[in-house]
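A short write-up of the structure that comes next.
The values are calculated or read from the model by the stated rules, or taken from the named source; none is laboratory data. Since the model is a prediction, treat every value here as computed from it, not as a measurement. Note that each Cβ is placed from the backbone with ideal geometry, even for glycine, and that neighbours are counted across all protein chains shown.
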Amino acid sequence: MKQIHILGNTYCIDTGMTYIPYYKINTHEIVMLDSGWGDGEREGIVELLTRESLRVVGIINSHAHIDHTGNNMFLKQRDGAVIAMSALEASICQSPISMKAYFGGHSLAAVEAHFGDMISDTDIVIMPEDDHVTICNTVFGVIHTPGHSPAHIAIITPDDIAYLGDAIISYEVMKGAKMPYAFILEEDLKSMAKLSELSCRHYIVAHKGHYEVIGSLIQDNIEFYKHRAERVKEVITAPMTQEMLLKAVIEAFDIRIKSIHYQLVIERMMKSFLDYLVTIGEVVVYIDDGFIKYDCVKL
Ligand SMILES: [Zn+2]
């Protein structure tokens with residue numbers, strides 16, 4: 001892994017898959033913005049921290065996904081990191097049972113096996129009305145950007161560098177994303193529009209890029225998600241149950257389902273697009289002979 005100096009005291013760890021920003025509060029102590037993926041990134045992150053003589057004294061999480069919170073407890077135990085997270089995401093990460101409330105399709109055992117590293121003992125809870133968080137005597141700006149996850153936040157370093165987490169994806173990720181991730185698409189689109197009003201010195205996107213200006217990337221993200229919703233709509237050729245739709249979407253988008261876990265992710269994402277299409281009045285949902293069915297609105 002290598003590190004990239006962005007500006008001032010703000011750096012990024014490039015894990016290969018992700019940029020993990022960090023802010024140096026002094027020569028050897030840092031606040032990380034997200035903690036990376038436990039299984040695939042822990043070793044490389046530790047190697048970099050050791051090489052650079054850095055101690056993680058704080059972590060602010062943009063959201064509770066396994067590739068963003070996977071080293072929280074490890075770094076808390078190793079370096080004494082204080083953990084800050086938005087209230088709702090902190091409550092999701094409390095225990096396997098609270099995570100089961102979020103990842104409803106998985107059994108409790110599967111939640112523990114797949115998402116165990118997400119469990120976090122959060123020290124500082126960021127409330128929906130908070131516009132900043134103070135951690136290790138350092139103030140970071142907070143912008144609430146729900147949608148990608150229930151209470152995703154963007155974080156602004158004291159250097160005026162905005163870390164956008166997964167609220168925005170890079171062009172490279174767009175190219176490879178068959179079913180891009182959005183927990184509530186309509187909220188995600190609103191958050192993207194909100195981010196386009198930002199005026200910071202620099203912007204960091206977790207997967208994966210850093211930019212001086214971000215307006216056109218945000219606009220292209222909005223178009224990309226809306227276009228993907230259109231493609232989901234095109235799959236609805238007749239009244240269809242969710243299971244029929246899932247089969248049709250997997251075929252139309254050429255998605256290879258390799259595990260139960262992956263199918264559940266695709267199903268949740270497809271549902272998010274369906275909910276959006278129903279919300280904007282392009283698709284109707286109704287009960288037919290005891291089954292939920294979706295159909296396109298006839299003009
Ligand atoms: Zn995410």
For this session: Filter the stretch 264-299 down to residues that are in a loop (DSSP other than H, G, I, E, B), in contact with an Asp or Glu (Cβ under 9 Å, 6 or more places away or on another chain) and within 25 Å of HIS148 (Cβ to Cβ), then give me how many there are.
Result: 2
Seminar exercise, completed: A careful count of residues in the stretch 172-187 that are out of contact with any helix residue (DSSP H, G or I) (no Cβ under 7 Å at 6 or more places or on another chain) and either acidic (Asp, Glu) or over 23 Å from VAL249 (Cβ atoms) (or both) gives 2
Problem set entry | Which listed residue is under 17 Å from the mean Cα position of the chain (by Cα) and either assigned by TED's automatic domain parsing to the domain that holds GLY165 or within 22 Å of HIS63 (Cα to Cα) (or both), from ILE214, ILE266 | ILE266
Seminar exercise, completed: Per the filter on the stretch 197-222, residues away from the ligand (no atom under 16 Å from the Cβ) and either part of a strand (DSSP E or B) or over 20 Å from GLU186 (Cα atoms) (or both) are SER199, CYS200, ARG201, HIS202, TYR203, HIS210, TYR211, GLU212, VAL213, ILE214
For this session: Would you check if there is a residue in the stretch 278-286 being within 26 Å of the chain's Cα centre (by Cα), acidic (Asp, Glu) and not assigned by TED's automatic domain parsing to the domain that holds PHE103?
Result: no
Exercise. Name the residues in the stretch 187-202 that are touching an Asp or Glu at 6+ places or on another chain (Cβ under 8 Å) and buried (at least 17 other Cβ atoms within 10 Å of the Cβ), would you?
Worked result: CYS200, HIS202
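Restricting to the stretch 223-255, count the residues that are polar (S, T, N, Q) and assigned to a loop (DSSP other than H, G, I, E, B).
Taking the stretch 223-255 first, the residues polar (S, T, N, Q) are 237, 241-242.
If we keep only those that are assigned to a loop (DSSP other than H, G, I, E, B) too, we end up with 237.
Total satisfying the criteria: 1.
Give the residues of the stretch 50-93 that are without any contact (Cβ under 8 Å) to a residue 12 or more places away in the chain and either within 25 Å of ASP131 (Cα to Cα) or touching a strand residue (DSSP E or B) at 6+ places or on another chain (Cβ under 8 Å) (or both), sorted by residue number.
Hit for the stretch 50-93 is SER91, nothing else.
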For this session: Within the stretch 63-118, work out how many residues are away from the ligand (no atom under 16 Å from the Cβ) and touching a Pro at 6+ places or on another chain (Cβ under 8 Å).
Result: 5
